[in-house]
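Asks: Sharing a structure here in structure tokens format.
Nothing in this text is a laboratory measurement; each read-out follows from the coordinates by a stated rule. Not measured: the values here are computed from a predicted model. Glycine also receives a Cβ, built like all others from the backbone with ideal geometry; neighbour counts cover every protein chain displayed.
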Amino acid sequence: MIKDIAAPLTALLISFVTVLLLHPQLVKYALRKDIVDKPNARRLNRIPIPVLGGVGVFAGFTIAFCTSASIYGIGFSFACLAAIILMLGIGLLDDIKDLSPKTKFIAQIAAIVILIFCCDLKIDNLHGIFGVHEIPDYLSIPLTIFACVGLINAINLIDGIDGLSSGYGIAAGTLFCLYGYTQGNSLNTLIATAMIGALIPFFVYNVFGTKNKMFIGDAGSHFLGIIFCLLTLNTIDTGSAADGTVEEAGFIAFCLAVMAHPVMDTLRVMTMRICNGNSPFKADKTHLHHAIINCGLSHLKTTLTIITLNLVVVGVWYATYATGQSATIQFVTTLFAAVTAIIIPYFVIVKIQKGHPELLKKRQAKIEKRQTA
């Protein structure tokens, strides 16, 4: 028991201190090398902001995880670390050179293929959802690639305001940590705590910083995306190896609940773009965080609002789990809750804003005044 607690706490402390010390140095380097996010019509920032935050978060995570895993004897595949490095690298190149979507997709698929064939991680069991349990490789492999590439891009797309990707990462990581601990999954617990410790100081710098303010960048969002893929696949794999009745544990429903905001918001955005005759990958300002920002809320309040909505979905899942509902009931109920809490609010907010255009202009002027202050 002491070992189970000591390992994640050690990782949390090491990653926290590493990022706390490294972040200001990366800000100076990024400014010196002009590795910054420059304002444009789609960006919310009004001045160039350094974008090497993901490098610091990765460094904190990697040092903390490898140190803690070695000290406490927790096994980990170096192939998984290779997949993480690949995602960090492709994201960093995108921050510096603005890569094409095709190049990023190829790298994302390559990273997931590494997880599948080198780490033996894939969605090969639905744990009783609609009566389905184990599924063959010819279905599980493409399903895993599709789901994980989608998740990486979903995490990347929600990174639109200060604190959202890191704040969401802290909240989701905490849920994975607690769930992993209750399921006896020491690897997931360690991964989650190392990530949380790295994200906390970055979140503070990102939201409240002035001199040392920095964005997490595509490197950071790709890093978070592959980490959440690992946490999700490890959670499902834990269920596949569990003894007894695993249907009531709701492994897949739990993952859906935790990932509700990035997954559902991205599905809605891409569907709307296609329906409007645009490419699903064409950037715009139709995310939930954009709608909430237009209501006059600050970045921090918008982030907290979205995290709260996501926690409502998790609460609904937990209610079905705690009452011993089947895997199917947990999944369907969680899916309904995700649509209700993440998708519907967007349309409600936009409809209200369209009905009161003068109020929207007033609030947008307030936002611009805050951003230029």
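Asks: Explain nothing, just compute: Karplus ³J(HN,Hα) = 6.51 cos²θ - 1.76 cosθ + 1.60, θ = phi - 60°, for every residue of segment 82-87 in order, whole Hz, x for Gly and Pro.
Replies: With the stated coefficients, segment 82-87 comes to 5, 5, 5, 5, 4, 5 Hz.
Asks: Additional query: Using modelled amide H (1.01 Å from N, peptide plane; none on Pro or chain starts), what sits under 5 Å from the amide H of L121, excluding residues fewer than 5 places away?
Replies: I116
Asks: Which ³J(HN,Hα) values in Hz, rounded to whole numbers, follow from the phi angles of segment 255-261 under the Karplus curve 6.51 cos²θ - 1.76 cosθ + 1.60, where θ = phi - 60° and Gly and Pro get x?
Replies: Computed from phi, the couplings for segment 255-261 are 4, 4, 4, 5, 8, 4, 5 Hz.
Asks: Separate question: Identify, among A79, L230, P357, the residue whose Cα sits farthest towards the positive end of the charge dipole of the chain, taking +1 on the Cβ of Lys and Arg and -1 on the Cβ of Asp and Glu, with the dipole about the Cα centre.
Replies: P357
Asks: Still on this structure, I have one more. If you find the alpha carbon centre of segment 75-117 and of segment 177-203, how far apart are they in angstrom?
Replies: Comparing the Cα centres of segment 75-117 and segment 177-203, I get a distance of 21 Å.
Asks: Show the residues, 5+ positions off or on another chain, whose built amide H is closer than 5 Å to the amide H of D37.
Replies: Correct list: I49, V51.
Asks: Next question. Longer than 30 Å from Cα to Cα, which of K97/K282; K28/K282; K122/K213; K104/K354 are they? Say none if no pair is. Spell out each step's value before the answer.
Replies: Numbers: K97/K282 18 Å; K28/K282 32 Å; K122/K213 37 Å; K104/K354 36 Å.
Flagged as over cut-off: K28/K282; K122/K213; K104/K354.
Asks: Taking the Cα centre of segment 2-372 as origin and charging only Cβ (+1 Lys, Arg; -1 Asp, Glu), how large is the dipole, in debye to the nearest 20?
Replies: Details: 27 positive and 21 negative charges, 438 e Å.
Once rounded to the nearest 20, the dipole reads 2100 debye.
Asks: Right, here's the next one. Which of these, H356, H23, H290, has the largest mean-square fluctuation under a Gaussian network model of the chain (Cα springs below 10 Å)?
Replies: Per the Cα network of the chain with a 10 Å cutoff, H356 tops the list.
Asks: Tell me which residues come under 5 Å, amide H to amide H, from L126 once H is placed; ignore anything under 5 positions away on its chain.
Replies: Here H133, E134, I135 satisfy the definition.
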